[in-house]
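The values are calculated or read from the model by the stated rules, or taken from the named source; none is laboratory data. If you're wondering where the values come from, they're calculated on a predicted model, not measured in any experiment. Because the Cβ atoms are built from the backbone with ideal geometry, glycine has one as well, and the counts that use them run over all protein chains shown. For accessibility, only protein heavy atoms count, side chains too; no ligands or nucleic acids. Shrake-Rupley method; radii C 1.70, N 1.55, O 1.52, S 1.80 Å.
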Amino acid sequence: MSEPESSPSQSGRPRVVVTRRLPEPVEARMRELFDVELSADDRQMSREDLVAAMQRTDVLVPTLTDHIDQAMLAQAGDRLKLIANFGAGFDHLDIETARRRGILVTNTPGVLAEDTADMTMALILAVPRRLQEGVALMQEGKWQGWSPTSIMGHRIWGKRLGILGMGRIGQAVARRAKAFGLEIHYHNRRRLHESTEAQLGARYWESLDQMLARMDIVSVNCPHTPGTYHLLSARRLKLLKPSAYIVNTARGEVIDENALTRMLVNGDLAGAGLDVFEQEPAVNPRLLGLPNVVLLPHMGSATEEGRADMGEKVILNIKTFADGHRPPDQVLPSML
Ligand code: DGY
(Lines give C-alpha, C1' and ligand atoms only; values in the text may rest on other atoms or scores of the structure.)
Protein backbone atom coordinates (compact mmCIF):
# COMPACT_ATOMS: atom_id res chain seq x y z
CA MET A 1 0.00 0.00 0.00
CA SER A 2 1.18 3.50 -0.69
CA GLU A 3 1.32 6.16 2.02
CA PRO A 4 -1.67 8.46 2.50
CA GLU A 5 -1.27 11.78 0.74
CA SER A 6 -2.29 13.88 3.77
CA SER A 7 -4.26 13.62 6.99
CA PRO A 8 -7.97 14.58 7.03
CA SER A 9 -7.28 17.39 9.47
CA GLN A 10 -4.91 18.98 6.95
CA SER A 11 -7.21 18.73 3.96
CA GLY A 12 -10.71 18.47 5.43
CA ARG A 13 -11.32 15.64 3.00
CA PRO A 14 -12.15 12.12 4.15
CA ARG A 15 -9.30 9.68 4.27
CA VAL A 16 -10.16 6.65 2.15
CA VAL A 17 -8.30 3.34 1.92
CA VAL A 18 -8.97 1.21 -1.17
CA THR A 19 -7.96 -2.42 -0.76
CA ARG A 20 -7.55 -3.43 -4.43
CA ARG A 21 -6.59 -1.79 -7.70
CA LEU A 22 -9.57 -0.10 -9.36
CA PRO A 23 -9.84 1.08 -12.97
CA GLU A 24 -7.58 4.09 -13.60
CA PRO A 25 -10.37 6.69 -14.17
CA VAL A 26 -12.00 5.64 -10.88
CA GLU A 27 -8.72 5.98 -9.01
CA ALA A 28 -8.04 9.36 -10.67
CA ARG A 29 -11.42 10.70 -9.57
CA MET A 30 -10.86 9.39 -6.06
CA ARG A 31 -7.50 11.21 -5.93
CA GLU A 32 -9.29 14.45 -6.87
CA LEU A 33 -11.98 14.08 -4.21
CA PHE A 34 -10.45 12.28 -1.26
CA ASP A 35 -7.22 11.75 0.63
CA VAL A 36 -6.98 8.34 -0.82
CA GLU A 37 -4.60 5.49 -0.20
CA LEU A 38 -4.69 3.28 -3.27
CA SER A 39 -3.48 -0.27 -3.69
CA ALA A 40 -0.14 -0.15 -5.49
CA ASP A 41 0.10 -3.85 -6.26
CA ASP A 42 -3.50 -5.16 -6.21
CA ARG A 43 -2.49 -7.84 -3.74
CA GLN A 44 -5.21 -9.14 -1.43
CA MET A 45 -4.69 -7.53 2.00
CA SER A 46 -4.04 -9.80 4.95
CA ARG A 47 -6.36 -9.80 7.94
CA GLU A 48 -3.80 -7.75 9.89
CA ASP A 49 -3.43 -5.21 7.09
CA LEU A 50 -7.19 -4.82 6.85
CA VAL A 51 -7.45 -4.19 10.59
CA ALA A 52 -4.60 -1.69 10.39
CA ALA A 53 -6.37 0.06 7.52
CA MET A 54 -9.61 0.20 9.53
CA GLN A 55 -7.66 1.88 12.33
CA ARG A 56 -6.23 4.71 10.24
CA THR A 57 -9.03 5.63 7.85
CA ASP A 58 -12.47 7.26 7.76
CA VAL A 59 -13.69 5.16 4.85
CA LEU A 60 -12.67 1.69 3.74
CA VAL A 61 -13.34 0.54 0.17
CA PRO A 62 -13.11 -3.25 0.20
CA THR A 63 -14.09 -5.81 -2.42
CA LEU A 64 -15.53 -9.30 -2.20
CA THR A 65 -12.07 -10.73 -1.52
CA ASP A 66 -11.84 -8.88 1.81
CA HIS A 67 -13.58 -10.85 4.54
CA ILE A 68 -14.33 -8.51 7.43
CA ASP A 69 -15.74 -10.23 10.49
CA GLN A 70 -16.83 -9.29 13.99
CA ALA A 71 -13.36 -9.66 15.55
CA MET A 72 -11.84 -7.38 12.93
CA LEU A 73 -14.56 -4.76 13.27
CA ALA A 74 -14.02 -4.80 17.05
CA GLN A 75 -10.49 -3.50 16.39
CA ALA A 76 -11.55 -0.76 13.94
CA GLY A 77 -10.61 2.78 14.87
CA ASP A 78 -13.25 5.22 16.09
CA ARG A 79 -12.75 7.27 12.95
CA LEU A 80 -13.95 4.47 10.65
CA LYS A 81 -17.46 5.56 9.73
CA LEU A 82 -18.12 4.04 6.31
CA ILE A 83 -17.36 0.80 4.50
CA ALA A 84 -18.11 1.58 0.86
CA ASN A 85 -17.93 -1.83 -0.79
CA PHE A 86 -16.84 -2.02 -4.44
CA GLY A 87 -19.38 -4.66 -5.47
CA ALA A 88 -23.01 -5.60 -5.06
CA GLY A 89 -22.65 -8.70 -2.88
CA PHE A 90 -21.91 -8.02 0.79
CA ASP A 91 -21.75 -11.53 2.25
CA HIS A 92 -18.06 -10.99 3.08
CA LEU A 93 -18.93 -8.18 5.51
CA ASP A 94 -20.46 -8.48 8.96
CA ILE A 95 -23.23 -5.94 8.42
CA GLU A 96 -24.84 -6.45 11.82
CA THR A 97 -21.64 -5.81 13.79
CA ALA A 98 -20.86 -2.79 11.61
CA ARG A 99 -24.31 -1.38 12.36
CA ARG A 100 -23.85 -1.90 16.09
CA ARG A 101 -20.54 -0.06 15.93
CA GLY A 102 -22.10 2.83 14.02
CA ILE A 103 -20.28 2.05 10.77
CA LEU A 104 -22.37 2.49 7.64
CA VAL A 105 -22.00 -0.04 4.85
CA THR A 106 -22.83 0.64 1.20
CA ASN A 107 -22.62 -1.45 -1.98
CA THR A 108 -23.00 -0.98 -5.74
CA PRO A 109 -26.35 -2.52 -6.73
CA GLY A 110 -27.96 -2.33 -10.14
CA VAL A 111 -25.02 -1.42 -12.33
CA LEU A 112 -23.82 -4.99 -12.81
CA ALA A 113 -27.17 -6.68 -13.44
CA GLU A 114 -27.06 -6.55 -17.25
CA ASP A 115 -23.45 -7.76 -17.51
CA THR A 116 -24.05 -10.59 -15.07
CA ALA A 117 -27.22 -11.57 -16.93
CA ASP A 118 -25.23 -11.65 -20.19
CA MET A 119 -22.71 -14.01 -18.61
CA THR A 120 -25.52 -16.17 -17.25
CA MET A 121 -26.98 -16.42 -20.75
CA ALA A 122 -23.53 -17.22 -22.14
CA LEU A 123 -23.33 -20.20 -19.75
CA ILE A 124 -26.94 -21.24 -20.45
CA LEU A 125 -25.92 -21.48 -24.10
CA ALA A 126 -22.37 -22.75 -23.67
CA VAL A 127 -23.07 -25.84 -21.59
CA PRO A 128 -25.98 -27.51 -23.44
CA ARG A 129 -24.44 -26.59 -26.82
CA ARG A 130 -21.01 -27.97 -25.82
CA LEU A 131 -19.12 -24.80 -26.73
CA GLN A 132 -16.09 -25.69 -24.65
CA GLU A 133 -15.67 -29.05 -26.40
CA GLY A 134 -16.00 -27.38 -29.81
CA VAL A 135 -13.39 -24.76 -28.97
CA ALA A 136 -11.01 -27.45 -27.66
CA LEU A 137 -11.43 -29.50 -30.85
CA MET A 138 -10.45 -26.51 -32.98
CA GLN A 139 -7.62 -25.32 -30.74
CA GLU A 140 -6.10 -28.80 -30.62
CA GLY A 141 -6.32 -29.05 -34.44
CA LYS A 142 -8.37 -32.25 -34.15
CA TRP A 143 -11.40 -31.29 -36.23
CA GLN A 144 -11.96 -33.83 -39.01
CA GLY A 145 -14.75 -31.87 -40.73
CA TRP A 146 -18.52 -31.72 -40.44
CA SER A 147 -20.43 -34.86 -39.58
CA PRO A 148 -24.14 -35.36 -38.88
CA THR A 149 -23.49 -36.91 -35.49
CA SER A 150 -20.52 -35.05 -34.13
CA ILE A 151 -20.65 -32.79 -31.07
CA MET A 152 -24.43 -32.79 -30.74
CA GLY A 153 -25.68 -30.72 -27.86
CA HIS A 154 -29.19 -29.95 -26.69
CA ARG A 155 -31.61 -27.30 -27.92
CA ILE A 156 -32.47 -24.65 -25.36
CA TRP A 157 -35.46 -23.21 -27.23
CA GLY A 158 -38.70 -24.41 -25.63
CA LYS A 159 -36.94 -25.71 -22.51
CA ARG A 160 -37.88 -24.75 -18.95
CA LEU A 161 -35.57 -22.36 -17.15
CA GLY A 162 -35.93 -22.11 -13.38
CA ILE A 163 -34.48 -18.89 -11.97
CA LEU A 164 -33.59 -19.02 -8.31
CA GLY A 165 -33.68 -15.42 -7.10
CA MET A 166 -35.75 -12.96 -9.13
CA GLY A 167 -34.11 -9.66 -8.20
CA ARG A 168 -32.52 -7.31 -10.73
CA ILE A 169 -30.17 -9.94 -12.14
CA GLY A 170 -32.76 -12.72 -12.19
CA GLN A 171 -35.17 -10.46 -14.08
CA ALA A 172 -32.47 -9.42 -16.55
CA VAL A 173 -31.80 -13.14 -17.16
CA ALA A 174 -35.53 -13.75 -17.63
CA ARG A 175 -35.81 -11.00 -20.28
CA ARG A 176 -32.93 -12.50 -22.26
CA ALA A 177 -34.05 -16.09 -21.82
CA LYS A 178 -37.56 -15.26 -23.00
CA ALA A 179 -36.09 -13.95 -26.25
CA PHE A 180 -34.27 -17.28 -26.65
CA GLY A 181 -37.59 -19.12 -26.41
CA LEU A 182 -37.12 -20.54 -22.93
CA GLU A 183 -40.12 -20.97 -20.62
CA ILE A 184 -39.47 -18.84 -17.55
CA HIS A 185 -40.11 -20.19 -14.05
CA TYR A 186 -38.86 -18.72 -10.81
CA HIS A 187 -38.60 -19.11 -7.07
CA ASN A 188 -38.03 -16.06 -4.90
CA ARG A 189 -38.52 -15.05 -1.29
CA ARG A 190 -41.26 -12.73 -2.44
CA ARG A 191 -43.51 -13.21 -5.42
CA LEU A 192 -43.19 -10.48 -8.09
CA HIS A 193 -46.04 -8.12 -8.87
CA GLU A 194 -48.36 -9.77 -11.35
CA SER A 195 -47.68 -7.12 -14.00
CA THR A 196 -43.92 -7.89 -13.81
CA GLU A 197 -44.67 -11.61 -13.99
CA ALA A 198 -46.83 -10.98 -17.05
CA GLN A 199 -44.14 -8.85 -18.72
CA LEU A 200 -41.52 -11.52 -18.17
CA GLY A 201 -43.93 -14.36 -18.89
CA ALA A 202 -42.66 -15.89 -15.65
CA ARG A 203 -44.41 -18.53 -13.53
CA TYR A 204 -43.87 -18.40 -9.77
CA TRP A 205 -43.16 -21.52 -7.72
CA GLU A 206 -43.65 -21.15 -4.01
CA SER A 207 -42.05 -24.55 -3.52
CA LEU A 208 -38.43 -24.61 -4.64
CA ASP A 209 -38.46 -28.42 -4.46
CA GLN A 210 -41.35 -28.66 -6.87
CA MET A 211 -39.79 -26.21 -9.28
CA LEU A 212 -36.41 -27.97 -9.30
CA ALA A 213 -37.96 -31.33 -10.15
CA ARG A 214 -39.49 -29.91 -13.33
CA MET A 215 -36.74 -27.71 -14.79
CA ASP A 216 -34.36 -28.35 -17.71
CA ILE A 217 -31.99 -25.56 -16.70
CA VAL A 218 -31.63 -23.93 -13.28
CA SER A 219 -29.94 -20.55 -12.91
CA VAL A 220 -28.82 -19.35 -9.49
CA ASN A 221 -29.23 -15.58 -9.20
CA CYS A 222 -29.89 -14.98 -5.51
CA PRO A 223 -27.45 -13.44 -3.04
CA HIS A 224 -25.61 -15.51 -0.46
CA THR A 225 -27.21 -14.90 2.93
CA PRO A 226 -27.60 -17.10 6.01
CA GLY A 227 -30.93 -18.15 4.48
CA THR A 228 -29.52 -19.16 1.07
CA TYR A 229 -26.37 -20.97 2.24
CA HIS A 230 -26.52 -24.42 0.53
CA LEU A 231 -30.05 -23.69 -0.63
CA LEU A 232 -29.20 -26.18 -3.35
CA SER A 233 -28.24 -28.88 -0.86
CA ALA A 234 -27.40 -32.49 -1.72
CA ARG A 235 -31.05 -33.38 -1.13
CA ARG A 236 -32.37 -30.64 -3.40
CA LEU A 237 -29.83 -31.31 -6.16
CA LYS A 238 -31.11 -34.88 -6.29
CA LEU A 239 -34.56 -33.53 -7.17
CA LEU A 240 -33.20 -32.29 -10.52
CA LYS A 241 -33.74 -34.39 -13.62
CA PRO A 242 -30.56 -36.20 -14.75
CA SER A 243 -30.93 -34.27 -18.03
CA ALA A 244 -30.89 -30.89 -16.24
CA TYR A 245 -28.19 -28.24 -16.38
CA ILE A 246 -27.26 -25.86 -13.61
CA VAL A 247 -25.73 -22.40 -13.96
CA ASN A 248 -24.40 -20.25 -11.11
CA THR A 249 -23.24 -16.66 -11.54
CA ALA A 250 -24.29 -15.56 -8.02
CA ARG A 251 -22.30 -17.04 -5.14
CA GLY A 252 -20.72 -20.46 -4.76
CA GLU A 253 -22.07 -20.88 -1.24
CA VAL A 254 -25.65 -21.18 -2.52
CA ILE A 255 -24.83 -24.66 -3.90
CA ASP A 256 -23.30 -27.55 -1.99
CA GLU A 257 -20.30 -27.71 -4.34
CA ASN A 258 -19.15 -31.15 -3.17
CA ALA A 259 -22.58 -32.65 -3.73
CA LEU A 260 -22.83 -30.98 -7.14
CA THR A 261 -19.38 -32.25 -8.11
CA ARG A 262 -20.29 -35.82 -7.09
CA MET A 263 -23.41 -35.69 -9.23
CA LEU A 264 -21.55 -34.31 -12.24
CA VAL A 265 -18.78 -36.90 -11.91
CA ASN A 266 -21.35 -39.71 -11.61
CA GLY A 267 -23.38 -38.46 -14.57
CA ASP A 268 -26.45 -37.67 -12.42
CA LEU A 269 -26.72 -34.21 -14.02
CA ALA A 270 -26.21 -33.20 -17.66
CA GLY A 271 -23.79 -30.36 -16.99
CA ALA A 272 -23.00 -27.12 -15.19
CA GLY A 273 -21.76 -23.62 -15.90
CA LEU A 274 -20.10 -22.10 -12.85
CA ASP A 275 -18.68 -18.61 -12.52
CA VAL A 276 -18.51 -18.72 -8.72
CA PHE A 277 -17.26 -21.23 -6.15
CA GLU A 278 -17.58 -21.96 -2.45
CA GLN A 279 -13.91 -21.41 -1.56
CA GLU A 280 -12.70 -18.93 -4.19
CA PRO A 281 -10.17 -18.98 -5.73
CA ALA A 282 -10.04 -22.72 -4.92
CA VAL A 283 -12.11 -24.92 -7.18
CA ASN A 284 -12.97 -28.53 -6.44
CA PRO A 285 -10.28 -30.30 -8.51
CA ARG A 286 -12.73 -32.96 -9.62
CA LEU A 287 -14.65 -30.28 -11.52
CA LEU A 288 -11.63 -29.45 -13.64
CA GLY A 289 -11.50 -31.35 -16.89
CA LEU A 290 -15.14 -32.48 -16.92
CA PRO A 291 -16.22 -31.93 -20.53
CA ASN A 292 -19.80 -30.97 -19.59
CA VAL A 293 -18.74 -28.30 -17.09
CA VAL A 294 -17.77 -24.75 -18.03
CA LEU A 295 -15.83 -22.99 -15.29
CA LEU A 296 -15.17 -19.25 -15.25
CA PRO A 297 -13.10 -17.16 -12.82
CA HIS A 298 -15.89 -15.06 -11.24
CA MET A 299 -16.07 -12.73 -14.22
CA GLY A 300 -19.83 -12.20 -14.50
CA SER A 301 -19.64 -8.44 -14.02
CA ALA A 302 -16.15 -7.95 -15.43
CA THR A 303 -16.70 -5.36 -18.15
CA GLU A 304 -14.87 -2.04 -18.36
CA GLU A 305 -18.20 -0.24 -18.41
CA GLY A 306 -19.51 -2.14 -15.40
CA ARG A 307 -16.40 -1.59 -13.31
CA ALA A 308 -16.48 2.15 -14.13
CA ASP A 309 -20.13 2.31 -13.05
CA MET A 310 -19.30 0.46 -9.84
CA GLY A 311 -16.53 2.97 -9.16
CA GLU A 312 -18.90 5.87 -9.72
CA LYS A 313 -21.34 4.36 -7.24
CA VAL A 314 -18.62 3.95 -4.63
CA ILE A 315 -17.55 7.56 -5.12
CA LEU A 316 -21.13 8.83 -4.89
CA ASN A 317 -21.71 6.87 -1.70
CA ILE A 318 -18.56 8.30 -0.09
CA LYS A 319 -19.17 11.83 -1.31
CA THR A 320 -22.81 11.87 -0.16
CA PHE A 321 -21.78 10.52 3.23
CA ALA A 322 -18.91 12.99 3.58
CA ASP A 323 -21.34 15.83 2.75
CA GLY A 324 -23.45 14.77 5.73
CA HIS A 325 -26.22 12.90 3.92
CA ARG A 326 -27.38 9.31 3.86
CA PRO A 327 -25.53 7.50 1.06
CA PRO A 328 -27.83 6.15 -1.66
CA ASP A 329 -26.78 2.51 -1.44
CA GLN A 330 -26.80 1.82 2.27
CA VAL A 331 -26.91 -1.86 3.15
CA LEU A 332 -28.99 -2.87 6.19
CA PRO A 333 -29.06 -6.10 8.19
CA SER A 334 -32.75 -6.42 7.23
CA MET A 335 -31.59 -7.04 3.64
CA LEU A 336 -30.01 -10.33 4.66
C1 DGY B 1 -20.40 -8.48 -6.85
O2 DGY B 1 -20.33 -7.27 -7.07
O3 DGY B 1 -20.80 -8.92 -5.80
C4 DGY B 1 -20.01 -9.39 -7.95
O5 DGY B 1 -20.03 -10.72 -7.54
C6 DGY B 1 -18.67 -9.03 -8.52
O7 DGY B 1 -18.58 -9.70 -9.73
(Q) If you fit an axis through the alpha-carbon atoms of helix 168-179 and take the longest principal axis of the Cα set of the chain, what angle between them do you get, 0 to 90°, nearest 10? (A) 30 degrees
Q. If you line up the long axis of helix 304-322 against the longest principal axis of the chain, both from Cα atoms, how many degrees apart are they, to the nearest 10?
A. 30 degrees
Q: Please find, in a Gaussian network model of the chain (springs between Cα atoms separated by less than 10 Å), the residue of 81, 178, 142 whose mean-square fluctuation is greatest.
A: 142
Q) How far is helix 24-33 tilted off the main Cα axis of the chain, in degrees rounded to 10, range 0 to 90? A) 30 degrees
**Q.** Neighbour net charge for residue 336 - beta-carbon separation under 9 angstrom, K R +1, D E -1
**A.** -2
Q: Please report, in debye to the nearest 20, how large the charge dipole of the range 113-295 is about its Cα centre when each Lys and Arg carries +1 at its beta carbon and each Asp and Glu carries -1 there.
A: 500 debye
Q | Mean ellipticity per residue at 222 nm, deg cm²/dmol - from DSSP H runs of n ≥ 4 across the chain, formula -39500 (n - 2.57) | A | -9500 deg cm²/dmol
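In the range 113-295, carbon and sulfur make up what percent of the accessible area (probe 1.4 Å)?
Result for the range 113-295: 53 percent of the exposed heavy-atom area is carbon or sulfur.
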Q. So what's the net charge close to residue 81: Lys and Arg +1, Asp and Glu -1, counting the other residues with Cβ under 11 Å from its Cβ?
A. +1
Q | Candidates per GluC sites (Glu not before Pro) in the range 45-146, loop by DSSP, up to 14 other Cβ within 10 Å | A | 140
Q) Taking a probe of 1.4 Å, how large is the accessible area per residue of the range 113-295, in Å²? A) 50 Å²
Q.
Can you tell me which of 45, 30, 152 moves the most in a GNM of the chain? Springs connect C-alpha atoms under 10 Å apart.
A. 152
Q) Mean separation of Cα pairs under 8 Å and 6+ residues apart, divided by the residue count of the chain: what relative contact order is that in percent? A) 16 percent
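What length, rounded to one decimal in nm, is gained on full extension from residue 138 through to residue 286, with 0.36 nm per residue of separation minus their alpha-carbon distance?
Details: separation 148, 0.36 × 148 = 53.28 nm, distance 2.43 nm.
Gain in length upon complete extension: 50.8 nm.
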